[in-house]
Each structure stands twice: as C-alpha cells, then as structure tokens.
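Notes follow the structure.
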Amino acid sequence: MNNILKRALLPSLMAASLAGVTIVSAKPAAADDQVLRDAGIGAVTNVVTGAVRGNGNVLGNAVKGGVTGAAVNGANGLRNTRNRRHRNAAQDIGVGAGASAVTGVITGDSRDTLGNAIDGAAVGGAIHLLTNGK
C-alpha cells in the first residue's frame, strides 16, 4: 500500500507545488489604474472611425476599440514608472494597430485586417494625444 500511495500522490504533490511556486512568483499585470479610461477612449475612437469608414457595427467597433485601448495601456505599463507619464507615440500607435488587427481576427471581422489596423492606429494615437503627460 505504501508504494501505491507514493506512486499516486507524489507526482500530484510535485505538480501542485511547482504550479504554486510558478503562480505565486508571477509578475503582476502591466496595466495600470487608468486602463478603464484608455479602454473608453479606445471604444469611442473606434466607433467614430468605424462610422467614418462605414465598417462594422457600433457594438463590434466599441469592443475592438476597448480591447485595443486596454492593450495600449498594458504596453505603456511595461515601461518603468518614471517614463509612464511620457508615452511613446510610435509605441502607442503600433500597439493599437496590432491589437486591433488581432482582435478583428478573433471577433470574426478578418475580411478587413488593414482597416482594423488603421482603426487601431487611430485609437493608439488618440490615447497618446489625450493622456500623454498626465
């Protein structure tokens, strides 16, 4: 019986302890306390750009913009605390374009990937203009 318990419990115990050490020591998420602000800016900006381009519906564009705004915020959160107030325009626009293109593919709006990237770049630019230095 002793060997049966060792064979049944020891691998599970080792896996649980390894997972616990890995999860506990993980770095917290990079997004800061302004993630909702950036998601809101992204949602509104993407709804406007979607309406101007005649692409998608309001809800789908708002979702893509909100996710893009959160991604831009998260990318800015990766910078050290001293430089978070001085955002990088190229980084914000690039992350916005990439996040919106990927979100479009995930949500099923993959027929216009370039348009999604343009919308995301506009979101990144709007977030940069409205929040840089704040």
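Readers should treat all values here as calculations from the given coordinates under stated rules, not as data from a laboratory. This structure is a prediction, so every number in the text was calculated from the model and none was measured. Neighbour counts run over all protein chains shown; Cβ positions are idealised from the backbone, glycine included.
Descriptive notes on the structure:
- Taking label positions 7 Å along the Cα-Cβ direction at both VAL58 and ALA89, the computed distance is 3.2 nm, reported to one decimal.
- Built amide H within the under 5 Å cut-off of ASP109, gap 5+: none
- Where labels lie 7 Å past Cα in the beta-carbon direction, separation of ASP33 and VAL105 in nm: 3.6 nm
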